[in-house]
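The block underneath contains the structure these notes are about, expressed in structure tokens.
Read the figures in this text as sums done on the coordinates, not as results from a lab. Model, not experiment: these values are computed from the prediction. Here the Cβ is made from the backbone with ideal geometry for all residues, glycine too, and neighbour counts use every protein chain on show.
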Amino acid sequence: MAVPSVAAERAEALRRTLARYDHAYYVLDAPEVPDAEYDRLFRELQALESEYQELATPDSPTRRVGGKPLDAFAPVRHAVPMLSIRTETDTEATGASAFDARVRRELGLAESDPPVRYVAELKFDGLAVSLRYESGILVRAATRGDGETGEDVTQNIRTIGEVPLRLASLTVPVLEVRGEVYMRRDRFEALNARQREVGGKTFVNPRNAAAGAVRQLDPTIAARRPLSFFAYGLGEVVGWEIPSTHSGVLEALARQGLPVSADRAVVSGGEGLAAFHRDVGARRDALPFDIDGVVYKVDELALQQRLGFVTREPRWAVAHKYPAQEQLTIVRDIEIQVGRTGKLTPVAKLEPVFVGGTTVSNATLHNEDETRRKDVRVGDTVIVRRAGDVIPEVVRVVIERRPDDAGPPFDMRTVLGGCCPVCQSTIVREEGEVDWRCSGGLYCPAQRKQALLHFASRRAMDIEGLGDKVVDQLVEQALVRTPADLYGLTTQALAALDRMGEKSAGNLVAAIAKSRHTTLPRFLFSLGIRHVGEATARDLARHFGDLGPIMEARPDDLLRVPDVGPIVAQSIAIFFAQPHNREVIDGLTAAGVEWPLLTPTPREAQPFTGLTFVLTGTLPDLGRDDARARIEALGGKVAGSVSAKTSYVVAGADPGSKLDKAQTLGVKVLDQDALLTMIAAARQTPLGVTDAP
Ligand code: 5U1
């Protein structure tokens, strides 16, 4: 069927518009239209092409979605071989001056001759490809292969939105563009997360993921891999007057819509190269993609020609590496570190390995869940990464290398036998938390400094003059192990500390002595019990009146305190169950720390003490939890089933068998309003609380 000219013109207009939108979106990172508008035009073009097959040109954006799977890639002989690049392994600045010196020597330049001009670029960690444009249309994309012959990966490369399917204005017979296909780090992470979700294979690093996608026989799979491309050079060129400099070539390629990294510079001499190496090195981790170094090229193409090649490598270019950020090594052990706040962190003890510029023998595993997710075991070969100043971490296990005698899956409780490795206190992992913690905060040597600083802080025991520097010295010189030891310090001992005069030492001893006379809420807060802030400390003090009953309280007793829920109750009970914490508290009271007793809220005096309620059916306004909390706050109990001992059944809509049973047993039945009236009346009852002074 002949194609009506109106359809052909419309298809051409759509191709051009969509190509412009692709460039704006992928290369300039500045979308021109909303996705919906792009999709509408895209579908219109697809419809035209399916009606008139002749309109489906090779540069149509519809080709990007991926064609039919291949059995194998066809070989492609490169008209101009794809060279490799010599690597400068000296990762210091001297690597740059060595290259400059070589170039100058080979060009026969004297010391008095002006510096050579170079282009410095990034060395992208991906897969080299060659794009062939004929009459401005992308006709073939090939991998490097052995440099002479690569593989035809056109279908896959077409799926990369950044690669123009048609050049902006050049329509010369042949223009081959060389560059690197890579994957941004964030897209790589997202891809791996998706793979994990569907139970698929995850990729070791962005380079492997990119290389795998380019060499994927099914282009619809390649289309789902978020690839990117940067152009950095030329292959065969027919009919184009090539600019006289490499920097001019890169600018011309960018003008044709090809992505060229903006991270490039024209620099002068070896010093200019070294400065670029340093500058990029400092920004390396902030780049959105991996690089393994920078590339230097002599800018003048005429000089490049004079320099020529050695074997397959040009003399006019070099790759200047950075220290590798990832290495393979073996996990010798998994140890648990106790942080200053009691957080327990699993740390892989590694066979020492040189990575990121230093020897690494420890790498964090973050927490139990992460260790299990990565399934790191003793004996495993792992990829360890050290990027910049970040703490080294285990990226993943090389599962194929797991030995038969590898350790069991990681389990914090089992590894530690339930006890802190530093102080033997119970370890706790609260619901909803990722971290295990040591509960011996007051005694644990790992938490000493933190515990002392908190103890002395203004809202706790308010010891003026006991700051970071003093605490550091007291702990490091073993003058103080626990807060109780503070009360034994003498002016003489303190005056011997760095930057502590006789007068300051005297003031500090006086401040410590003064802190002996405190209040129960302050004292409770100073103990640093997890989840016990000032308000909770005050509530506990009011409710119990003295420390003894709090120390003996079971979680059920603690739950009666307003605003104390199961997690806080558990935390308090576990803290006081630790013999070491109790010893420190005994030490403090023996040292004379005291507080005025409060008149406790005797439990008998609570209006609902001794009353048992059963809730059944749906109450019109109160949720079950709310009703329970209100009853318990007044000392009542809420039970799950009705018995002769039940005081009241509170019945809402659709009460079920509990109401029947209440009626059978003669238990009083309340509706929501009656319960609220009872609660309001109870609140009027004086509670006998004497507030802290
Ligand atoms: N940026 C950049 N990467 N890279 C890699 N330029 C560049 N040039 C290369 C290679 C292999 O080779 C040419 C110097 C032939």
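Values as computed for the structure displayed
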read-out	value
Length added when fully stretched, THR677-ARG224, from 0.36 nm per residue minus Cα-Cα	156.7 nm
Gap separating the Cα centres of segment 34-104 and segment 157-186, nearest whole Å	4 Å
LEU416-ALA262 FRET efficiency (beta carbon distance; Förster radius 56 Å; 0.05 resolution)	0.65
Long-range HN-HN contacts of LEU442 with modeled amide H, under 5 Å	none
Loop trypsin sites (Lys or Arg not before Pro), segment 224-327, which have at most 14 other Cβ atoms in a 10 Å radius of their Cβ (DSSP)	ARG312
Value of relative contact order over segment 1-99, rounded to a whole percent, pairs C-alpha under 8 Å and six or more apart	25 percent
Longest DSSP-loop-exposure-free segment, GluC sites (Glu not before Pro), the chain, at most 10 other Cβ within 10 Å	432-693
Residues with amide H under 5 Å from that of LEU350, placed H, sequence gap 5 or more	ARG332, ASN362, ALA363
Length-normalised contact order of the chain in % [C-alpha pairs under 8 Å, at least 6 apart]	9 percent
Vicinal HN-Hα couplings computed from phi for segment 128-139 (Karplus, 6.51 cos²θ - 1.76 cosθ + 1.60; Hz; Gly/Pro x)	6, 9, 10, 9, 10, 9, 10, 6, x, 10, 5, 10
Neighbour-count order for ASP369, ASP100, fewest beta carbons within 10 angstrom listed first	ASP369, ASP100
Extended-chain gain in nm, criterion 0.36 nm per residue less alpha-carbon gap, ASP462 and ALA8	155.1 nm
Relative contact order of segment 612-683, defined on C-alpha pairs under 8 angstrom at six or more residues apart (%)	37 percent
Approximate spin-label separation VAL174-THR149, in nm, with each point projected 7 Å along Cα-to-Cβ	1.8 nm
Shape of segment 326-416, Cα gyration tensor, a/c cut at 1.5	oblate
Loop-located trypsin sites (Lys or Arg not before Pro) in segment 506-584 whose Cβ has at most 15 other Cβ within 10 Å (DSSP)	ARG516
5 angstrom amide H check on GLY233, placed H, neighbours 5+ away	ARG178
Inter-probe distance in nm under a simple model that places probes 7 Å from Cα toward Cβ, at THR618 and THR91	6.5 nm
Inter-site label distance for SER50 and GLN663 at 7 Å from Cα along Cβ, in nm	6.7 nm
